[in-house]
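The values are calculated or read from the model by the stated rules, or taken from the named source; none is laboratory data. Computed from a predicted model, the values in this text were never measured in an experiment. All Cβ positions, even for glycine, are placed from backbone atoms using ideal geometry, and neighbour counts span all protein chains on display.
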Amino acid sequence: MNRMRVGVVGVGALGQHHARVYAALPDAELVAVADTLPGRAAEIAAPYATGSFEDYRQLFGKVDAVSIAAPTTLHAEIGEQFLNQGIHVLIEKPISHSLAAADRLIAAASANRRVLQIGHLERFNPAIQAVRAIVDRPRFFEAHRMGLFSPRSLDIDVILDLMIHDLDIITLLVADQPVHIDAVGIAILTRRIDIANARLLFANGCVANVTASRVSMEKIRKLRFFQARHYISLDYTRQDVAIFRLDGTPEGLPRIVSEKLTPERREPLDLELRSFLQAARGERPAACTGHEAKQTLALALQILDKAEAAQAQALRIDRT
């Protein structure tokens with residue numbers, strides 16, 4: 001097997017794990033990592049005996065594919081340069097901070113005939129993969145994604161940081177985009193919205209209630225939904241699924257039957273990077289394309305607009 005030369009740009013909280021996984025993949029050669037923070041790249045590179053740079057442009061000509069885990073506002077600037085160098089690119093979610101920047105990335109990937117895959121990681125969660133096999137016209141979703149405060153990703157709000165995970169999965173399972181959105185949000189510890197709730201109405205009547213917070217006292221990653229005769233509860237962290245189904249007894253009486261799906265535990269990032277390298281080798285399509293990620297970003301930005309408007313209105317009321 002030909003090993004693909006890979007690199008990682010940005011080895012902070014997320015990027016360091018890209019480096020770790022790449023270093024362990026048999027079909028990848030981790031050539032180098034890059035980070036603008038002095039000493040950071042060398043620190044992460046040392047255990048893997050690989051190269052380190054403070055300028056990501058030093059990776060040009062040395063790698064076939066790259067993961068970009070830099071701040072969201074830099075995704076398009078960095079990703080476009082790598083694509084123009086003929087290098088396949090995986091960008092951590094969200095694709096960018098604006099639709100115009102997302103379009104630049106999509107255009108660069110198309111012009112250079114290179115893979116652009118976006119790191120919507122929960123698509124690779126074994127629990128989600130199990131649910132995709134049983135989902136059948138869901139009618140109502142309830143999503144909660146709560147996390148302890150962290151100084152990472154403060155260049156974006158909680159909607160683009162955390163909620164976007166669930167927006168991607170819900171629209172994937174519904175296979176549609178919302179026709180009506182209500183949202184509220186509050187800035188608590190930062191100048192951006194730190195906790196938000198959105199209610200989405202889809203054209204087929206499905207409703208989703210989505211809550212995300214980065215200022216919680218515990219870490220919660222759960223998705224629950226209802227479809228005909230089924231209630232399904234998924235825990236992203238435990239990677240399991242509880243199913244409650246309305247069934248009947250031999251006497252014709254209704255009863256609730258429960259079962260639990262416990263797929264083999266796998267690291268979603270490992271699965272994601274394997275799929276990216278397969279796409280880069282032309283063995284499969286990209287698991288989450290730039291176009292798909294742009295749709296999710298557009299939805300997140302609509303929610304952000306609604307939440308910011310609601311927050312501004314609340315502040316005006318407080319002042320009166």
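Q313 meets the conditions (1) within 25 Å of A23 (Cα to Cα); (2) assigned to a helix (DSSP H, G or I) in every case but one. The failed one is (1). Screening the candidates S216, S258, S233 for the property of being at pLDDT below 95 and either under 28 Å from Q117 (Cα atoms) or in a strand (DSSP E or B) (or both) yields one hit, S258.
Would you confirm whether or not segment 116-125 contains a residue that is among the basic types (K, R) and either without any contact (Cβ under 8 Å) to a residue 24 or more places away in the chain or over 21 Å from G10 (Cα atoms) (or both)?
Yes: one or more hits.
The residues of segment 2-14 that are on the phi < 0 side of the Ramachandran plot, in contact (Cβ under 8 Å) with a residue 60 or more places away in the chain and surrounded by 23 or more Cβ atoms within 10 Å (Cβ to Cβ), listed by number, are V6, G7, V8, V9. Among the numbered conditions (1) modelled with pLDDT of 95 or more; (2) under 20 Å from the mean Cα position of the chain (by Cα), the only one that P151 does not meet is (1).
Does L173 satisfy the condition of being modelled with pLDDT of 95 or more and touching a His at 6+ places or on another chain (Cβ under 9 Å)? Steps first, answer last, please.
Details: modelled with pLDDT of 95 or more: yes; touching a His at 6+ places or on another chain (Cβ under 9 Å): no.
No.
The residues of segment 139-191 that are of a type in the set (D, E), under 14 Å from N209 (Cα atoms) and surrounded by fewer than 19 Cβ atoms within 10 Å (Cβ to Cβ), listed by number, are E142, D182.
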